[in-house]
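Below: the structure, in structure tokens.
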Amino acid sequence: MQDTLPRPDLEQLRELARQSAAITQDCNCRSVDSSGWISLPLSLPETQLVDIATLIADPYDEPTFTEYHPDGTRYASPEAPIAPAWYPYNRCNIARCQQCGRHLLRYMEAGGYFVDRRIRALERPELIVDGT
């Protein structure tokens, strides 16, 4: 489906983050801190999220697993940059909560014997960088 979703540029991605930051409505999508990457909580049904865009450049290409942390942040850090060309952002779709309109980044982490749906809030436009 990501090949039919629009692919936002950096400024459009920042605008989605600004829109999310402006939402003050209480919602179960805020029941846990998702300012850094987390597993999709049981309190947030996946059906509550609808994909509206993608950061996947080419669904038929294998993107890098290299992360972008020029300031020493780590994968789950709330301060980690959101760099669309780098892992895990290069495997993400952008979802909108159908109850409050908040935007979340999401992707599926798959390992040898597990699948883990992960999310990160998209509400800090200052973290969105080119990274190239």
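The values are calculated or read from the model by the stated rules, or taken from the named source; none is laboratory data. Values in this document were obtained by computation on a predicted structure and should not be read as measured data. Every residue, glycine as well, gets a Cβ built from its backbone with ideal geometry; the counts of neighbours run over all protein chains shown. Accessible surface is based on the protein model in full, side chains and every heavy atom, while ligands, DNA and RNA are left aside. Shrake-Rupley method; radii C 1.70, N 1.55, O 1.52, S 1.80 Å.
Okay, here's what the table says:
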| read-out | value |
| --- | --- |
| Enumeration of residues in segment 74-122 that are loosely packed, with under 14 Cβ neighbours inside 10 Å and in contact with a His (Cβ under 9 Å, 6 or more places away or on another chain) | TYR75 |
| Meets criteria (assigned to a helix (DSSP H, G or I) and touching a residue at least 12 places away in the same chain (Cβ under 8 Å)) for SER43 | no |
| Candidate set from segment 13-32 (those that are under 21 Å from TYR107 (Cβ atoms) and free of Cβ contacts under 8 Å to residues at least 40 places away in the same chain); member that is nearest to the chain's Cα centre (by Cα) | VAL32 |
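Yes/no per residue for (1) charged (D, E, K, R); (2) open to solvent by 40 Å² or more (accessible area, probe 1.4 Å):
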| position | (1), (2) |
| --- | --- |
| ARG7 | yes, yes |
| ARG18 | yes, yes |
| ALA22 | no, yes |
| SER35 | no, no |
| PRO41 | no, no |
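For every residue, the table says whether it meets (1) at pLDDT below 95; (2) touching a Ser or Thr at 6+ places or on another chain (Cβ under 9 Å); (3) over 13 Å from VAL129 (Cα atoms).
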site: SER43; (1), (2), (3): yes, yes, yes
site: GLN48; (1), (2), (3): no, no, yes
site: ILE52; (1), (2), (3): no, no, yes
site: THR64; (1), (2), (3): yes, no, yes
site: GLU79; (1), (2), (3): no, yes, no
site: PRO84; (1), (2), (3): no, no, no
